[in-house]
Amino acid sequence: MSQNAEKVVDHFNLFRQPQYVEMFKNKQAQFEDRVPADEVAKGQEWTKTWDYREKNFAREAVAINPDKACQPLGAIMAAVGFEGTLPFVHGSQGCVAYFRTQFNRHFKEPSACVSSSMTEDAAVFGGLNNMVDGLANASSLYKPKMIAVSTTCMAEVIGDDLNAFIKTAKEKGSVPAEFNVPFAHTPSFVGSHITGYDNMMKGILSYFWDGKAGTVPPLERKPNESINFIGGFDGYTVGNLREVKRLLGTMGVQYTILSDNSDVWDTPTDGEYRMYDGGTTVEQTEAAINAKATIGMQEFSTEKTLAYIAEKGQEVVALNCPIGVAGTDKFLMEVSRITGKPIPAEITKERGRIVDAIADSAAYLHGKKFAMSGDPDFTLGMTAFLMELGAEPVHVVCTNGSPEWQQKTQALLDASPFGKGGKAWAGKDLWHLRSLLFTEPVDFLIGNSYCKYLERDTGTPQIHIGFPMFDRHHRHRYPIWGYQGALNVLVWILDRIHLELDRNSIAIGKSDFSFDIVR
Amino acid sequence: MNMTVEERKAENRALIDEVLKAYPEKMGKRRAKHLGVVEEGKSDCGVKSNIKSLPGVMTIRGCAYAGSYGVVWSPVKDMIHISHGPVGCGRYARGGRRSYYIGTTGVDTYTTMHFTSDFQEKDIVFGGDKKLEKIIDELETLFPMSKGITVQSECPIGLIGDDIEAVSKKKAAEIGKPIVPNRCEGFRGVSQSLGHHIANDAIRDWVLDPAADKHKDFESTPYDVTLLGDYNIGGDAWGSRILLEEMGLRVIAQWSGDGTLQEIELGSKPKLNLLHCYRSVNYIARHMEEKYGIPFYEFNFFGPTRIKESVRGIAALFDDRIQELAEKAIAKYQPQWDAVIEKYRPRLEGKKVMLYVGGLRPRHVIGAYEDLGMEVIGTGYEFAHNDDYQRTTHYAQNGTLIYDDVTGYEMEKFVEKLQPDLVASGIKEKYVFQKMGYPFRQMHSWDYSGPYHGPDGFAIFARDMDMAVNNPVWKMTKAPWN
């Protein structure tokens, strides 16, 4: 029998049974018009060559496995961090199904978001009716405290005007005039998901600070001693924001996290579904204008937002996803400098512990060559950390990296002996990275779930860090920022290094003299 | 517990009325048409379908692009499918469907790859036709073994007046391979369903009919069939194919799971088309019936009862030889099915299930649950048409709650009230109901398990439902001190 009720096999082992293997063989031979195996093998070898790499890098039109998503995804990530906020995406409805699915699969959490479900008639006449009905339905059914509106490329191409539409919808009674509906235009053909985060964050702040779309007088800034903190688009937001709160709490700093989405994407299984949980309140958001300074943890994810906040008279500090010792040092020293609060001994001791951990493991990290792909700030933070560990970042790929990112990352590499020979690749995709890995191999690869295909193709062992992370569970619950975050990243990297050492020394009587119990 | 059918119907109707109260009045009236109760003897489920979703209600539906690219085309493994427009659609669709295939990805097969024109503002302003031409040249350089290309339009394409048909014709002549344009912009139609239709029409016009005279040396047999509408999720099509072969049939093509261009071109050759997902392929099946005289038969390979019914139904269309082999195959698998039922039925007997899925599963899986002694008390479709609800009456029990294009709000309230032992739906629903303490299985992706189709699939289905329903975690949701 092909199945045994006591030990049921699924796709992993079922299809390796001989009757299926035979079936595959016959299908391929008789009906598929398959390219002969030797030609496929030859073709496969060719993709590993410098010749292929040159042709691959000569591409100007097609993107192949680009490592970036589109704006509204980021807008949703920013929106759900405000208390009771329902993200509302104006345009085609399929987009929202995709956005929700991305977050569901990454966080293993529900992710509420509605669409205005525009179809052909809206493409011709505009989506005003969809906005009018959509706001009314969404507020009736889901009782949000606020609805944050962004757009799909469809609404952008036909030129729907969110400000005017929302105003009309309110006049028609979809939601009360005083109900908060901040918005941001988030065209998918500009930038990437980090741009969408930036646009929505700026949209929400400017809505509250500049007079709620012309309905009330703008707020006047009365500077106080508080500081604001913005995480940026971050797959580790649950762990990271909690770690930031712990550190700022330990320092006794008065702070506001603008968009705190750490609770809504980490709700308990206790019999109750929380569509909304936690988040920055309207009062906190309004009061945030008065802060002394704002710290953006990811510069490229909050460029416009930080510029806007600076215009209001606040000091702004832009960091680049501080992973590791120096990154965390800088973060804490900036907080200390701005607030005048000293960094307590407790945190200094934590710093000592991560340095201790790095010292303990340095021999396994030193000189190891790495490739990585990810968002601009993530790759900057990770590059810096790898070099702290004595490892060597060789290929740093950032599909949504700007020329400024490339310059900054290259300068970071060039400034360290461990970055010698490393190169920052802005605008390149994972098919470019595949060529890089074949022609200039490295020891390890850092990236998100999509990068696992690169491990399969090139044999480069992957360390799963990034967004989205569909095939490894619960990583988002761990911080990658702070000294605690550095320890987590260090352990993930070391686990894979040690696993590879074991795998490479497991052959009995051949290599197992190195299969050491002590490492 | 021991409610009569009439009491259950009354309860379900009261529940529908209660749920509709949450909507603004006009909208409640529109939603009322989509909610109903199965009445024995009626020709359908008494609900309207294939109508625009209301704005802002949190529909679970997708779009035409998802139907054309994600469902129908992307599994065709030896063709390159270009997501034409901005970067997001193809990124989100990539690899998530688990449409299994065998090949060397990036060399002669491409299903899990994402090819996109990554539209920028200048492409919106000046149009993308020139870029598309260049993309096709670049793909020819880097992937010379591809058998053809499809263009999958994202929203902007239809709005900016691009002529992808002209580009496709011109470049197809140049490269000597089929290039298939699909006008599957996400704003077209009301759900992914129109995308299936658009893809079916594109197959007809750009591949199937043009290739009708192509494979002249193809040697037919009286037992040639095509497996249509199986996307090989977790290997489903393979799970079905093996049984069809055991019955003595020759499966000359799979549409489209683990499929190839040639298999689509062979579409005019079989003696019979076997449809698993009627919804997504009925258009092309009807065309093949009209143009090539190929009849089609809808079958159901979920669970032994329906498998046996289908195997015998298919065999009855062939000769004694096939009928004998069909009985032999049933006899071969019967002990395996019996052993599965013997183990799992006592653990699942009487458990109530609420379904909400896509094409065929809201009806087709009911039998498999019943084989395990489970009862489906509510079901609904994301993108059905009325003919799906007609077909549902064959499977659903009298009094079953029906919800078409259900909204997040409705589904939550229905489950809260009916308290099923298992909710079986999609990823967007999964965590909502798990938080509420309900065991859940994804019925699009099989929760990364599968296959569920075919004789071997039933054991996996039973194991998975048991591991959801009887998982110890569901006893821990309440803190002991509360």
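Before moving on, here are some points about what is shown:
- Set A:Lys222/A:Lys330; A:Lys48/A:Lys452; A:Lys202/A:Lys423 screened for pairs whose C-alpha atoms are more than 22 Å apart: A:Lys222/A:Lys330; A:Lys202/A:Lys423
- Ordering A:Arg59, A:Arg274 by the number of other Cβ atoms within 10 Å of each residue's own Cβ, fewest first, gives A:Arg274, A:Arg59.
- All lysines inside 22 Å of A:Lys25 as judged from Cα atoms, apart from same-chain residues fewer than 8 positions distant: A:Lys42, B:Lys77, B:Lys147, B:Lys269
- For B:Lys343, the lysines whose Cα comes closer than 19 Å to its Cα, not counting residues fewer than 8 places off in the same chain, are A:Lys7, B:Lys332, B:Lys351, B:Lys352.
- Residue mean of other protein chain beta carbons inside 10 Å, B:119-125: 4
- Looking at the stretch B:156-260, the GluC sites (Glu not before Pro) that sit in a DSSP loop and have at most 15 other Cβ atoms within 10 Å of their own Cβ are B:Glu219.
- Lysines with Cα under 23 Å of A:Lys172, excluding same-chain neighbours fewer than 8 positions away: A:Lys143, A:Lys145, A:Lys212, B:Lys21, B:Lys26, B:Lys29, B:Lys52
- Euclidean distance between Cα centres, the stretch B:419-454 to the stretch A:134-208, Å: 32
- Per residue of chain B, the DSSP helices (runs of n ≥ 4 H) give a summed -39500 (n - 2.57) that works out to -13000 deg cm²/dmol at 222 nm.
- For chain A, averaging the sequence separation of C-alpha pairs within contact (under 8 Å, six or more residues apart) and dividing by the residue count gives a relative contact order of 15 percent.
- Altogether, the Stokes-Einstein calculation at 4 °C and 1.567 mPa s, with the Kirkwood radius of chain B over Cα pairs as Rh, returns a diffusion coefficient of 55 µm²/s.
- Annotation note: trypsin sites (Lys or Arg not before Pro) in the stretch B:401-482 located in DSSP loop regions with a Cβ neighbour count of at most 12 within 10 Å are B:Lys478.
- Computed on chain B, with alpha-carbon pairs under 8 angstrom and 6+ residues apart, the relative contact order is 19 percent.
- Sorting the segments A:291-298, A:500-507 by their residues' average number of neighbouring beta-carbon atoms within 10 angstrom, most packed first, yields A:291-298, A:500-507.
- Cβ crowding within 10 Å, taken as a proxy for footprinting-reagent exposure, orders B:Leu401, A:Leu499 from fewest neighbours to most as A:Leu499, B:Leu401.
- By the count of other C-beta atoms within 10 Å, a proxy for reagent exposure, A:His11, B:His196 are ordered fewest to most as A:His11, B:His196.
- 3J(HN,Hα) along the stretch A:346-353, derived from phi through the Karplus expression 6.51 cos²θ - 1.76 cosθ + 1.60 where θ = phi - 60°, amounts to 4, 6, 4, 5, 4, 4, x, 5 Hz, with x in place of Gly and Pro.
- Environment charge of B:Arg204, counting only residues whose C-beta is closer than 13 Å and scoring Lys/Arg +1, Asp/Glu -1: -4
- Chain A - mean residue ellipticity at 222 nm from DSSP helices (-39,500 (n - 2.57) per run, n ≥ 4, rounded to 500): -14500 deg cm²/dmol
- By the equivalent-ellipsoid construction on the alpha carbon gyration tensor, the protein assembly as shown comes out with semi-axes of 45, 35, 29 Å, ordered largest to smallest.
- Our summary gives the stretch A:452-519 a relative contact order of 20 percent, counting only alpha carbon pairs under 8 angstrom and 6 or more residues apart.
Bear in mind that the values in this text are calculations on the coordinates, not laboratory data. Because the structure is predicted, anything quoted here is derived from the model rather than measured. As a convention, Cβ positions derive from the backbone with ideal geometry for all residues, glycine included, and neighbour counts pool all protein chains shown.
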